[in-house]
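Take a look at the structure set out below.
The values are calculated or read from the model by the stated rules, or taken from the named source; none is laboratory data. Computed from a predicted structure; not experimentally measured. Every residue, glycine as well, gets a Cβ built from its backbone with ideal geometry; the counts of neighbours run over all protein chains shown. We work out accessible area using only protein heavy atoms, side chains counted, and drop any ligands, DNA or RNA first. Shrake-Rupley method; radii C 1.70, N 1.55, O 1.52, S 1.80 Å.
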Amino acid sequence: MPPLFTWEFAADPYPAYAWLRKHAPVHRTTLPSGVDAWLVTRYADARQALADARLSKNPAHHSEQAHRTGRVGIPGERQADLMTHLLNIDPPDHTRLRRLVSKAFTPRRVAEFEPQVQLLTDRLIDSFAARGTADLIHEFAFPLPIYAICDLLGVPAEDQDDFRDWAGMMIRHGAGPRGGVARAVKKMRAYLLELIHRKRADPGEDLISGLIRASDHGEHLTENEAAAMAFILLFAGFETTVNLIGNGLHTLMNHPAQRAELQRSIAAGETGLLATAVEELLRYDGPVELATWRFATSPLTIGGVDIPVGDPVLVVLAAADRDPARFGGADTLELARQDNPHLGFGHGIHYCIGAPLARLEGRLALATLLTRLPDLRPAADPAELRWRGGLIMRGLRQLPVSFTPESPRG
């Protein structure tokens with residue numbers, strides 16, 4: 001069996017996942033945190049597990065007490081009392097909270113947000129386009145979704161740089177100062193509680209105001225639930241998109257012929273190939289490597305393997321989306337792929353509620369970059385690129401590029 005969770009594995013986990021799909025599709029392993037968990041790697045098994053009500057999202061069902069020390073879940077959320085959000089609860093509370101968020105996070109609201117996302121995209125590209133070089137993670141893929149979700153939530157512009165700093169600490173996954181993640185999450189919670197108070201007194205048309213209005217009209221949403229919901233929308237809404245944009249650009253630069261065809265299609269004003277390209281990039285090297293934690297509440301069988309009560313189960317989306325039993329040419333990038341029911345945003349009742357926003361940001365980011373900087377090319381040896389540590393997300397630490405400097409725009 002190939003080694004898991006090494007730096008070499010982080011750079012390219014797909015050969016190891018292919019081995020697991022073939023030889024141990026439901027495999028019990030010890031994670032870097034010391035927690036034992038089952039990895040589910042085949043597509044059919046993954047879909048079953050993602051929709052199985054016997055797999056709870058609540059860490060209280062863990063047979064061990066690792067969740068009390070913060071070794072499962074999102075770093076820092078337990079210490080900051082931010083556990084009551086969609087990724088950690090089951091029906092009926094999940095149903096109630098998701099219904100509330102759905103009222104405020106509608107496809108129509110996301111569509112109306114497109115001009116603001118385009119404005120943010122162009123503004124960020126303006127900051128480096130005349131220079132001829134950039135780090136597309138730090139200067140583009142990271143700030144775009146953080147500012148976008150802040151705008152959507154209703155965080156005032158003068159406070160958004162604080163959120164950028166806190167978010168940057170959270171996604172370092174241990175690379176920052178000791179205790180930095182917990183401090184950043186606590187600061188974020190304190191700010192969100194204060195913002196909720198202000199929005200209750202003076203609501204606007206933003207997402208937090210929408211949550212408050214839904215709560216005030218009969219649905220019950222506690223103050224801490226509102227803070228936790230804003231936190232998870234921010235956390236899940238930015239890091240996923242950072243990696244979608246970063247991984248997507250990295251993939252396109254490594255597939256010049258398909259990238260050229262995509263650029264031709266965008267220049268012609270077509271939208272079809274861009275839409276399928278985003279879906280294929282989500283499948284081929286998606287932003288979420290493993291689905292978030294699940295815990296068996298009763299004995300169950302996945303892929304012929306018996307899972308005891310209380311055991312954690314981690315569905316490996318990156319492995320399932322390269323399963324040749326479901327996808328023809330599974331290890332081949334096909335931007336025009338039509339039959340593509342990938343699991344990049346999950347499946348079942350926990351399907352990512354922010355998927356429309358992530359798709360919108362992905363489409364605008366890729367189309368605008370490829371149009372304004374058409375000869376974008378890597379500026380570092382592939383062996384020098386480093387992928388962030390961490391169990392759930394898959395993303396680059398940096399992506400240096402060079403390009404012909406853009407002439408000043410009128």
Dipole magnitude (debye, nearest 20) for the chain, charges at Cβ of Lys, Arg, Asp, Glu = 520
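Evaluated at 25 °C with a viscosity of 0.890 mPa s, what Stokes-Einstein diffusion coefficient in µm²/s does the range 234-338 have when Rh comes from the Kirkwood expression over alpha-carbon pairs?
On the way: Rh = 15.8 Å.
Estimated diffusion coefficient is 155 µm²/s.
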Between ARG200 and SER407, 0.36 nm times their residue separation minus their Cα-Cα distance comes to what?
-> 69.9 nm
Roll a 1.4 angstrom probe over the protein heavy atoms and tell me the percent of accessible area of the range 279-324 that is carbon or sulfur.
-> 56
Proportion of all alpha-carbon pairs of the chain beyond 33 Å (%) = 31
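Accessible area per residue of the chain at 1.4 Å probe, in Å²?
Result: 41 Å² per residue.
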So what is the diffusion coefficient of the range 356-398 in µm² per second by Stokes-Einstein at 37 °C and 0.692 mPa s, using a Kirkwood Rh over Cα pairs?
-> 258
Return the distance in nm (one decimal) between the two label points of a simple spin-label model at GLU112 and ASP339, each offset 7 Å from Cα along Cα→Cβ.
-> 4.0
Contour minus Cα-Cα distance for GLU8 and ARG99 (0.36 nm per residue) = 28.6 nm
Would you mind pulling out the separation of the Cα centroids of the range 337-355 and the range 255-287, in Å?
-> 18
Fully extended contour minus Cα-Cα distance, from ARG131 to ASN254, at 0.36 nm per residue | 42.0 nm
What the Cα atoms of the range 251-410 span along the principal axes, largest first and in whole Å, is 64, 33, 29
Kirkwood hydrodynamic radius of the range 309-399, Cα pairs, Å | 16.5
Work through the residues other than LEU399 whose Cβ is under 14 Å from its Cβ and net out their charges, Lys, Arg +1 and Asp, Glu -1.
-> 0
Return the Rg/Rh value of the range 83-168, two decimal places, where both radii are evaluated on C-alpha atoms and Rh is the Kirkwood radius.
-> 1.07
